[in-house]
Every structure is written in structure tokens, then in C-alpha cells.
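Undergrad: I have a structure I would like to understand better, so I am pasting it below and will then ask my questions one at a time.
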Protein chains: 2
Amino acid sequence: MLDTVAAGVATELTRFFAAARLRASDYGEHYVALWDFLEQASSGGKRVRPALVLAAYAGFGGRDQTLVVPVAVSFELLHTAFLIHDDVIDRDLARRGQANIAGRFNDRALAHGTDSDQAQVWAAAAAILAGDLALSEAHRALAKLPADVDTRLRLLDLLDRAVFVSAAGELADVTNSSARHPLTVAEVITTLENKTAVYSFEGPLQAGAVLAGASAEAIGLLGRYGRLVGVAFQLTDDLLGVFGDAVETGKSVSADLREGKQTALIAHAGTTESWSLIAPYLGKVDLSDEEAEQAREHLRACGAKATAERLASDYSRSAVEALDSAIIPAELRASLTELAHSAVNRSR
Amino acid sequence: MLDTVAAGVATELTRFFAAARLRASDYGEHYVALWDFLEQASSGGKRVRPALVLAAYAGFGGRDQTLVVPVAVSFELLHTAFLIHDDVIDRDLARRGQANIAGRFNDRALAHGTDSDQAQVWAAAAAILAGDLALSEAHRALAKLPADVDTRLRLLDLLDRAVFVSAAGELADVTNSSARHPLTVAEVITTLENKTAVYSFEGPLQAGAVLAGASAEAIGLLGRYGRLVGVAFQLTDDLLGVFGDAVETGKSVSADLREGKQTALIAHAGTTESWSLIAPYLGKVDLSDEEAEQAREHLRACGAKATAERLASDYSRSAVEALDSAIIPAELRASLTELAHSAVNRSR
């Protein structure tokens, strides 16, 4: 079932983008290119959110592909939209080492003979519009769903919450980064939960369960699991961003330090006597590999690494405990338990 | 009927923003401020799009406030979202002389002690997210509509077209502004139609008519009228932007020249022998009032002003002609005829 439906999601996205590209061809080559780049942006990921929608739906006995595929597509395109707009906010022209939509339109503008300032305007326009188009289709996929009224309204409320809370988290992430003092660990975790865990884990799991007609109690437990496991994932990502293996993660292990990213690691370090040794490295734009290694040494020595690891494990374990109820079908519980373990036990 | 429903739209928007603000208070003061600024952004305008939805709905005999108000709200919030994202793309911190969302968050960041670069990040984040939230509610208002399935799907298709075509027009507006030669008049008009006329006139009129159960033929005529009258409005706006009275329009009459905005005026001038006299003034960032007046003189002398005025009148007249059919109810035809006249006969 899960494989069939995952293929259904891929097929539906391919169909959607093919139709959009055809339609875009009436509006000039730049708009066709924008849709091409948007399709590429939506196809690079691991499709975690569709997998969660499908797991919850199948886990509660759902069997109708025509219902579950659009819901899975909705959460995937929501994710695509958020990543694209997040990159605009962070002024990134690349994601995971590859030019993103803004980067591609920046190059496209320069190839058309614009100056670099005008190329930035093309880049921002293309990325903002592409995000708007992906966000619109995320809404449309649910709005068109051939489910009964009550189910559709409940799914729309889940999508609404995902958008509302993620925007709050994204805004907090930006305003927090201007804080002159390290955040508390609690502030870091709240931002992770709002910015990512709600739309990536809670929303997809609850949507699948609502669609399958699961009980309110089961939907509540899945939501709690989703927020906890989402935080465990993000805490681990932040650990790998400093202590990981760049070859495995595909990400520089100096970038987060160089940016001064506010993570649980840094929040813990801020409460220790080592803070004055660590602070000078954070946000240092020309941080060398050697300096990054010194910062890592201090983060290990002051217990920040061990604390963040323990925190991630605690969240993963609490997530599993949230499912410890007979109302969660055994097979779903097993696969979500495995997911919670893999959230913290991984090298990439 | 129309006044009652316009009041209904205002009430519904007030209710929506009050609920959002309350919800936002769980996520910190910056998020509450973002919702406050979004509400202000949605309340400054003339509510043209709701008025068109209501006129078409009532014109075809529609009488159900619970159906027409959400549709009108949807198009108004779509407009709000587009204006906000358009300002981000154009890097504007003000609209009509008042700080916009980006401008307000820029000030807010500086008041919180950030540097000017970080303030720009706050500004972009707030405006991108506010646009996403308005766009999301535009979709949600239609998705929740308690209409029959067929009507809801047709309305969703109109909204989808509005988003798709407006994005194409916005992108073309940006890429056109890098053209090293003046555009053709046809290119200018296509961009006006796509960027503004479809979502502002065609979409709202057709949505009101669909909701009232008008015939496919009538819906087709309203769409044609909407595109034509929308272009007439925009051509007139561009004329007022150069030849208007700044006191009446509330807009500088040098700004469009200083920006080098690609209008029908400029497109026509580009085909005349006066072009070499006019071109140096366009996009001149330090254009003086005296230079602006010289540019206006040349635009008059080469016939650009008269041509653009004639073009606007032609579009207005063609819009009225599109309604010359017994299938458009007389009262609706009268009010839309008046609207078409006011599109071109105005000083602000």
C-alpha cells in the first residue's frame, strides 16, 4: 500500500507540473522556466510528509488512493513553498550545494544582460512567486478533495494551523537571530516546534488519521508524537550541523557556527562559564576550519554536546511514549517508533 | 443590498483579524504586530474587488450573504497578498506615502537595536509571511464555502486562474523592466491585463456570476468586460502617474519617470522620432521636477499622451460593448457601464 501511494504522489506531482508548464507556455519563456525550477525544487526531498500522511491513513485502515494522494501532495507542496520563502528571507541562492530558484533566476537575469542589482530583483520575484504558486496548490489540493464536508473542513483546519504556526516560527527564528544574548533552550525548542515540527510531523500525521476516520483521542496522540519527534529531528539536525561529517550530511560543519545559528547547543553553552570562550566564534563570517574545531572543543568541554544529545533522546523517547496506547494500531506504532529512533540515531 | 453586503465584508474581515490576533498572542509580540500590520494593509483600499463580486452576484439575482461575503473576502485578501509581495519584489518600504508592512518591521527591528542590514531581513520576513497568510486565507475562504460541489469547484478554478495569471504578469513586469529597448504597446497591455485585470476585474465579476448561477455565456461576457475595463483602468493610472495632479492622486508625478516604468506612454514614444529626446530622462534616479516637466512636454509633443488617452478610451468603450447583450441584466449593465466611464474619466 505505502509504496503504491508514494508512487501515486510522484505521479500526481508530475501531472500537476506538466499541466502547469503547458499553461505557462502562453505567458513566455521566463514563466515556463519558473515552473521548471519549481518542479525541481519539489522533487529533491525525501517526501517525509507524504510518507507520514500515508502511514497514518493506512495505519487507521484507509484504503482510498483518490483521497490520500491529494492530501499528501498538499503537505509536500506546503513544504516546498516554505523552503523557497525561507531561502528568500535568508537571502540564500543555493540549497544543499545546488542553485535554488532565486539562484537560477539570478543566473538567468545575468545571461539576459542585466546588472547584478537587477538580477537580484529577478531572483526575489521568481522565488516569491514560485512559493506563492506552491502554497496556492497546497490549499487547492485540499479544497478540491472529494471527501465529505466534515472531513474536508477538519483537513482545512489542520492546513490552516500548519500555515499559521509555521509563520509564527519563521518570524521568531528571524527576530531571535538578532538577540544579543543566547536564547534559552526552551526558546530554541519552541521555535523548532513551531517553525518545523507542526507542519512537517503533527499536520501530516493528523491529516492522514482524520481522513481515515480515526478517533479524536488517537488524533490527539499523533499530534503530540509529531511535535515531539519533530523537535528530536531538528535537535539532531543542529547537532549534525556542528559535529556531523560534512561528506555524509552534505552540509558544511562550519556554516551554522559562522552564521551564529541559535541552537540548543549554543543555548546550553550560554549558561556555562565557557560562554566567553565560545561567543567570539559565533557569527564570525570568516571563521576558519581551525577556529570551528576550537569552538567544537569548547562545546564538548562545557557539556553542550552531551546536553543537546540527551535532549534529542528525551524528545525521541517521549514521542514513542505518546503512542503507548491501545488506540494506536500496532503496525503504525511500530513504524512510528522506528522513525523516532532514526530521528536521533543517524549520521545524515 | 450592495451596502449591506459591503458592510458584511468589513465585518467578516474585522472578525477574521480579531481571531487571528488572539491566536497570534500565543506566539509573541512580533507575531501580533505582524497581524496588526496585515489588517491595516487590508483596510486601506477602496474594496473594488468585493464591490465587483457583489455587483455581479446581486445583478444575477443572488441574495445569500453567507455565500457572497466569503467570496468577496477571498478576492480582497488575494489583492492584499499581491500588493504586499509586489512591494517586497520592488523593495518598497512604503505604499501611498505610508510605511508598509516591510517598512513597519524595518522600524521595529531598528527600535529593537538591530543594525540596518538585519532590519532588512526582519522587513522581508514579515512582508513575505504576511503575504503568505493573506494568500492562505483567500484560498481558505473559498475552500470552506457552503456552496454545492460544482459551484465550489468553479470558484476554485477562477481563483486558481487569478493566481496563475497574476504571477505570470508580475514576473513579466520584472523581466520587462530589464529590456534595453522600449516595449511594444501590445507587450505593455498584455502585462497590465495579466498582472492586474484578471484578478481584479475578470475574476471577481465571474465569481459573483458563477455564485448566482449565471449562464456560461454571461460569465464569458463579464470576463471579457473585466479584462478590457481593467486595462482601461491601468492605462489611466499610468497616465495619471505622469500627467496627474500629485495632490489629487496622492502620488508623485515624477516617480514613474524616475523609475523608468514601462507604460503605454513610453512604448508609444519609443516608436517616434522624439525617443532620443525622451529616453535620457527615463530611469534617471536624480530626475528633477524641471526635467520631469521637459519629459512631459516631449511626451505630449510626440503624441504619446494623446495615443495613451485614446487607447484607454478604446478599451473602456470595448468593455461597454462587451456587455451589449440581453443576457446581462439591465441594472448590472448600467452600473458596469458607469464603472467603465469612471475608469478613464477621473483625476485620481
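Undergrad: Based on the inverse mean of 1/r over its pairs of different Cα atoms, what is the Kirkwood hydrodynamic radius of segment B:105-250, in Å?
TA: Answer for segment B:105-250: a Kirkwood hydrodynamic radius of 18.0 Å.
Undergrad: Sticking with this structure for a sec: So how compact is segment B:256-345: Cα radius of gyration and Dmax in angstrom?
TA: Gyration radius and largest Cα-Cα distance of segment B:256-345: 17.6, 54 Å.
Undergrad: Moving on to the next point. Once segment B:136-182 is represented by equal point scatterers at the alpha-carbon sites, with solvent omitted, what log10 I(q)/I(0) does the Debye formula produce at q = 0.27, 0.30 Å⁻¹?
TA: At q = 0.27, 0.30 Å⁻¹ the computed log10 ratios are -0.94, -1.03.
Undergrad: Gap in Å between the Cα centre of segment B:248-299 and the Cα centre of segment A:106-134?
TA: The two parts, judged by their Cα centres, are 25 Å apart.
Undergrad: Can I ask one more? Considering every residue in B:179-186, what mean count of other chain Cβ atoms within 10 Å of its Cβ is obtained?
TA: For this peptide, the per-residue mean of nearby foreign Cβ atoms is 1.
Undergrad: Mind checking the alpha-carbon convex hull of segment B:66-105 and giving the volume per residue in Å³?
TA: About 71 Å³ per residue, rounded to a whole number.
Undergrad: How do A:TYR225, B:TYR281 line up, fewest other C-beta atoms within 10 Å first? Mind dumping the intermediate values first?
TA: Working: A:TYR225 26, B:TYR281 20.
If I rank by nearby Cβ atoms, fewest first, I get B:TYR281, A:TYR225.
Undergrad: Determine the principal axes of the Cα atoms in segment B:1-132, then give the extent along each, sorted from largest to smallest and rounded to whole angstroms.
TA: Per principal axis, max minus min of the Cα coordinates gives 57, 32, 20 Å.
Undergrad: Here is a further query. Name the long-range amide H neighbours of A:ARG95: under 5 Å, sequence gap of 5 or more, or other chain; modelled H, no Pro or chain starts.
TA: A:ASN100
Undergrad: How big is the protein assembly as shown by Rg and Dmax over its Cα atoms, in Å?
TA: Rg then Dmax for the protein assembly as shown, in Å: 26.6, 84.
Undergrad: Neighbouring Cβ atoms within 10 Å as the yardstick, rank A:GLU291, B:GLU170, B:GLU76 fewest first. Before the final figure, lay out the partial values.
TA: Numbers: A:GLU291 16, B:GLU170 24, B:GLU76 28.
Fewest-to-most ranking of A:GLU291, B:GLU170, B:GLU76: A:GLU291, B:GLU170, B:GLU76.
Undergrad: May I ask for the Rg/Rh ratio of chain B, computed from Cα atoms with Rh as the Kirkwood radius, given to two decimals?
TA: Here the Rg-to-Rh quotient is 0.99.
Undergrad: Calculate the FRET efficiency for B:THR249 and A:GLN294 from the Cβ-Cβ distance with a Förster distance of 56 Å, rounded to the nearest 0.05. Don't jump to the answer; show the numbers that get you there.
TA: On the way: r = 61 Å, r/R0 = 1.08.
Between B:THR249 and A:GLN294 the formula returns 0.40.
Undergrad: While we're on this one: At 30 Å minimum axial length over the Cα atoms and a Kyte-Doolittle cut of 0.5, report the qualifying DSSP H helices in chain B, or say none.
TA: B:2-24, B:65-90, B:116-143, B:216-243
Undergrad: Using alpha carbon centroids, what distance separates segment A:311-348 and segment B:137-166, in Å?
TA: 39
Undergrad: Considering only the other residues whose Cβ falls under 12 Å of the Cβ of A:ALA109, what net charge follows from Lys and Arg at +1 and Asp and Glu at -1?
TA: On the way: positive: A:ARG104, A:ARG108; negative: A:ASP107, A:ASP115, A:ASP117.
With Lys, Arg at +1 and Asp, Glu at -1, the neighbours total -1.
Undergrad: Report the local net charge at B:ASP256: Lys and Arg +1, Asp and Glu -1, summed over other residues whose C-beta lies under 10 Å from its C-beta.
TA: Its environment carries a net charge of 0.
Undergrad: Moving on to the next point. Quick check on segment B:1-70: what does the Kirkwood estimate of hydrodynamic radius come out to from the alpha carbon pairs, in Å? The partial results should precede the final answer.
TA: Working: mean 1/r = 0.0752 Å⁻¹.
The answer is 13.3 Å.
Undergrad: Using just the alpha carbons, could you tell me how many Å³ per residue the convex hull of segment B:180-253 encloses?
TA: Residue-normalised Cα hull volume stands at 104 Å³.
Undergrad: When the helices in chain A are scored as -39500 (n - 2.57) per DSSP H run of 4 or longer and the sum is shared across all residues, what 222 nm value do you end up with, to the nearest 500 deg cm²/dmol?
TA: -24000 deg cm²/dmol
Undergrad: Kirkwood hydrodynamic radius of segment A:238-284 from all distinct Cα pairs, in Å?
TA: Working: mean 1/r = 0.0910 Å⁻¹.
About 11.0 Å for segment A:238-284.
Undergrad: So for the pair B:ASP314, B:ALA7, with labels modelled 7 Å out along Cα→Cβ, what separation do we get in nm?
TA: Here the modelled spin labels are 4.5 nm apart.
Undergrad: Just from the alpha-carbon atoms, what are the Rg and Dmax of segment B:149-348 in angstroms?
TA: Using the Cα atoms of segment B:149-348, the pair Rg, Dmax is 18.4, 60 Å.
Undergrad: Another question, if that's okay. How would you rank A:ASP64, B:ASP117, B:ASP237, going from fewest to most other Cβ atoms within 10 Å of each one's own Cβ?
TA: Starting with the residue having the fewest Cβ neighbours, the order is B:ASP117, A:ASP64, B:ASP237.
Taken together, the values in this text are just the output of simple stated rules run on the coordinates, not laboratory data. Fair warning: this is a prediction, and the values are worked out from it, not measured in the lab. When we count neighbours, we look across all protein chains shown, and the Cβ atoms used for this are built from the backbone with ideal geometry, even at glycine.
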